[in-house]
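Trainee: Questions regarding the structure given below will be posed in turn.
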Amino acid sequence: PSNTRLYADYSLFREVLSNLAYNAIKFCRRGDTITFYVPSGERSTIAIKDTGAGMDECTLSNIFRHDVKTTSLGTAGEKGTGIGLPFCSEIMKAHGGELFAESVKGGGSVFYAKLPYVKPTALIVDDDAMFRRALNERLEKIDVNVIEAENEEGAFEALKKDSPHLILLDARLQNGEGFAILKKLKADKDYANIPVIAVMSADQTETREKAIGLGADDFISRQANQEEFIAIVRKFVA
């Protein structure tokens, strides 16, 4: 769903979901189903539901404990180590979230990987105060916090105080400052992974190519309408 936001270490969270999917397959029989979905009313939770073998209450109460081995053979005789779910639980706790389950013996299981809800933040770097205000209003409409800077010094001061999920950068700041900022961002290990959208006029083909060459993740025209703007921003903040 478009209003679902998941902020987590990609590799670790994928490990959690892969483990849950493997377990669901392991305990399903021919004709059973497995469904990934976002529970109603949740914005940062993934649920994995199966119609497989299920668990009794005793097993369910111990599946996330390291000191109790709950592994059992799957429906096709598959073996497991019994340590996957406890480690997955630790991964979720390290993210400030949790992993929990519901199950009925013979009636299937549902596992919930719940992350904290995070309202994303975007840093706007542009020397035009009116344009910054316009972008601010657009971002607020899609529930994104905004911090602003008008030059290189302000941008890096803002980055020291906050950790934005996205940067909208005026590629043509005075004296080539936009390109200088982009180059520094992508060369700094602390900021290199923050997506940068280069903002420019629609006819600035050369500027666009240079920005992409320096590592910009995407670009957007200053003349873009709200629909076009949201489509590009949502590539990086859901």
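Please treat every number below as a calculation from the coordinates, not as lab data. In this text the structure is predicted, and so the values were computed from the model without any measurement. Methodologically, a virtual Cβ is constructed for each residue, glycine included, from the backbone with ideal geometry; neighbour enumeration extends over all protein chains shown.
Trainee: Taking the 0 to 90 degree range and rounding to the nearest ten, how far is the long axis of helix 152-161 tilted relative to the main principal axis of the chain, both from C-alpha atoms?
Mentor: 30 degrees
Trainee: Can you work out ³J(HN,Hα) from phi for every residue in the stretch 100-110, in order, using Karplus 6.51 cos²θ - 1.76 cosθ + 1.60 and θ = phi - 60°, giving whole Hz and x for Gly and Pro?
Mentor: 9, 8, 10, 7, 10, 4, x, x, x, 9, 10
Trainee: Ok, one more. Rounding to the nearest 20 debye, state how big the charge dipole of the chain is about its Cα centre with +1 on each Lys and Arg Cβ and -1 on each Asp and Glu Cβ.
Mentor: Charge dipole of the chain: 940 debye, to the nearest 20.
Trainee: Within the stretch 122-220, list the trypsin sites (Lys or Arg not before Pro) lying in a DSSP loop whose Cβ has at most 12 other Cβ atoms in a 10 Å radius.
Mentor: Within the stretch 122-220, the qualifying trypsin sites (Lys or Arg not before Pro) (loop, at most 12 other Cβ atoms within 10 Å) are 141, 189.
Trainee: How large is the Kirkwood hydrodynamic radius of the stretch 83-190, in angstrom, based on all distinct alpha carbon pairs?
Mentor: Hydrodynamic radius (Kirkwood, Cα pairs) of the stretch 83-190 is 16.9 Å.
Trainee: Also: Return one number: the angle in degrees, 0 to 90 and rounded to the nearest 10, between the long axis of the Cα atoms of helix 177-187 and the longest principal axis of the Cα atoms of the chain.
Mentor: 30 degrees
Trainee: Which cross-chain or sequence-distant (5 or more) residues have an amide H under 5 Å from the amide H of residue 100, H modelled 1.01 Å from N in plane?
Mentor: Long-range HN contacts for residue 100: 112, 114.
Trainee: Which ³J(HN,Hα) values in Hz, rounded to whole numbers, follow from the phi angles of the stretch 118-132 under the Karplus curve 6.51 cos²θ - 1.76 cosθ + 1.60, where θ = phi - 60° and Gly and Pro get x?
Mentor: So the J values, rounded to whole Hz, are 10, 7, x, 10, 10, 9, 9, 10, 7, 8, 9, 4, 5, 5, 4.
Trainee: So which of 189/210; 114/235; 114/184 end up more than 24 Å apart by C-alpha?
Mentor: The pairs that break the limit, which is 24 Å between Cα atoms, are 114/184.
Trainee: How high is the FRET efficiency between residue 130 and residue 61 when r is their beta carbon distance and R₀ equals 45 Å, given to the nearest 0.05?
Mentor: It comes out at approximately 0.15.
Trainee: Determine the percent antiparallel among the DSSP beta bridges restricted to the chain, to the nearest 5.
Mentor: Taking every DSSP beta bridge with both residues in the chain, the antiparallel ones total about 50 percent.
Trainee: How large is the helix-only mean residue ellipticity at 222 nm for the chain, computed as the sum of -39500 (n - 2.57) over DSSP H runs with n ≥ 4, divided by its residue count, in deg cm²/dmol to the nearest 500?
Mentor: -10500 deg cm²/dmol
Trainee: Note down the magnitude of the dipole of the stretch 96-195 about its Cα centre, charges +1 on Lys and Arg C-beta and -1 on Asp and Glu C-beta and zero elsewhere, to the nearest 20 debye.
Mentor: Dipole of the stretch 96-195, to the nearest 20 debye: 500 debye.
Trainee: Let me ask another. Grab the alpha carbons of the chain, take their convex hull, and tell me the volume per residue in Å³.
Mentor: 154 Å³
Trainee: What list of ³J(HN,Hα) values in whole Hz, one per residue of the stretch 6-20 in order, does the Karplus curve 6.51 cos²θ - 1.76 cosθ + 1.60 (θ = phi - 60°) give from phi, with Gly and Pro shown as x?
Mentor: 10, 10, 7, 5, 4, 5, 5, 5, 4, 4, 4, 5, 5, 5, 5
Trainee: Find the centroid of the Cα atoms in the stretch 15-71 and in the stretch 195-238, then give the distance between the two in whole Å.
Mentor: Each part reduced to its Cα centre gives a spacing of 40 Å.
Trainee: What nm distance separates the two modelled labels at residue 221 and residue 21, each placed 7 Å from Cα along Cα→Cβ?
Mentor: 3.8 nm
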